[in-house]
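Worksheet: the structure to be examined is printed underneath.
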Amino acid sequence: MSEAYNMSDYPELVRKFCAYKSGIQERSPKTVQEYMLDLRIFCKYMYAKKNGLSHDDEALEKIDISGLEADFFASITSDEIYDFIYYAKFERKNGAAARSRKLSAIKSFYKYHTQKSRLLPANPAADIEGPRKPKELPKYLSLNES
């Protein structure tokens, strides 16, 4: 695993969640890495927001999230998750699919820690709707192509 995926760089709750996704739910290594990356930027953004720090890419990269504990995650509100999705769209220029994946990781993380591990008392992401994905028209073959 590359340095970007060094598990010791992540909070214990993220490590436990990823172990569950990998070991119990048998998610692919690529899927688990994507969860890790999405939760990494979420944690860094939330830490910066709660501590009045800049959340530009360079500032976020310097933030150490490895020591974040359950009380930090329990303090996050639905409104703050909405703020993160807004940040992902307008500052990180993430499309609907990328924002939807980030929200899915957050929702799954909180669901695991409220229903399975019971390390968190409430799930602030439970009722958050995902970004609306643009609909594509069906593609038809011409008579010659078929």
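When the GluC sites (Glu not before Pro) in region 51-82 are filtered for DSSP coil states and for at most 13 other beta-carbon atoms within 10 Å of their beta-carbon, the remaining sites are GLU69.
Listed by chain and number, the lysines placed with their C-alpha closer than 21 angstrom to that of LYS133 are LYS89, LYS93, LYS102, LYS107; residues fewer than eight positions away on the same chain are left out. Note on the chain: Cα Rg divided by 2.2 N^0.38 Å, N the number of residues, gives 1.18. Comparing mean-square fluctuations of TYR110, TYR86, TYR35 from a GNM of the chain with C-alpha springs under 10 Å, the top value falls on TYR86. Computed over neighbours whose Cβ is under 14 Å from that of THR77, the net charge equals -3, Lys and Arg +1, Asp and Glu -1. Ligands, DNA and RNA aside, LYS44 has an accessible area near 10 Å² when probed at 1.4 Å. For region 41-55, putting each phi into the Karplus relation 6.51 cos²θ - 1.76 cosθ + 1.60 with θ = phi - 60° gives couplings of 5, 4, 4, 5, 4, 5, 4, 4, 4, 6, 10, x, 9, 5, 10 Hz, in residue order, rounded to whole numbers and with x for Gly and Pro.
With a cut-off of 11 Å between beta carbons, the residues surrounding ALA88 carry a summed charge of +3, where Lys and Arg count +1 and Asp and Glu -1. In this structure region 1-66 gives 54 Å² per residue of accessible area when probed at 1.4 Å with all protein chains present. Rolling a 1.4 Å probe over the protein heavy atoms of region 98-141, with every protein chain left in place, gives an accessible area that is 50 percent carbon and sulfur.
A Gaussian network model of the chain, with springs between Cα atoms under 10 Å, assigns the largest mean-square fluctuation among ASN123, ASN51, ASN94 to ASN51. Note on surface exposure: LEU119, LEU143 rank LEU143, LEU119 by accessible area, highest first, 1.4 Å probe.
In the assembled protein chains, ASP71 presents an accessible area of approximately 110 Å² (probe radius 1.4 Å).
Projecting the Cα atoms of ASN94, PRO134, ASN144 onto the charge dipole of the chain (Cβ charges, centred on the Cα centre) puts ASN144 farthest toward the positive pole.
If I compute solvent accessible area with a 1.4 Å probe over the protein chains, what percent of it on region 1-90 is carbon and sulfur? Ligands and nucleic acids excluded, carbon and sulfur give 49 percent. Using only side-chain charges placed at the Cβ, +1 for Lys and Arg and -1 for Asp and Glu, the dipole size of the chain relative to its Cα centre rounds to 540 debye. With every protein chain in place and a 1.4 angstrom probe, the accessible-area ranking of PHE72, PHE42, largest first, reads PHE72, PHE42.
Against the criterion of solvent-accessible heavy-atom surface with a 1.4 angstrom probe, TYR47, TYR112, TYR10, TYR140 sort, most first, into TYR140, TYR47, TYR112, TYR10. Here the translational diffusion coefficient of region 68-124 follows from Stokes-Einstein with Rh set to the Kirkwood radius across Cα pairs; for 20 °C and 1.002 mPa s it amounts to 179 µm²/s.
The values are calculated or read from the model by the stated rules, or taken from the named source; none is laboratory data. No experiment lies behind these values; they were computed from the predicted model shown. Methodologically, a virtual Cβ is constructed for each residue, glycine included, from the backbone with ideal geometry; neighbour enumeration extends over all protein chains shown. Surface accessibility is based on the protein's heavy atoms, side chains included, excluding ligands, DNA and RNA. Shrake-Rupley method; radii C 1.70, N 1.55, O 1.52, S 1.80 Å.
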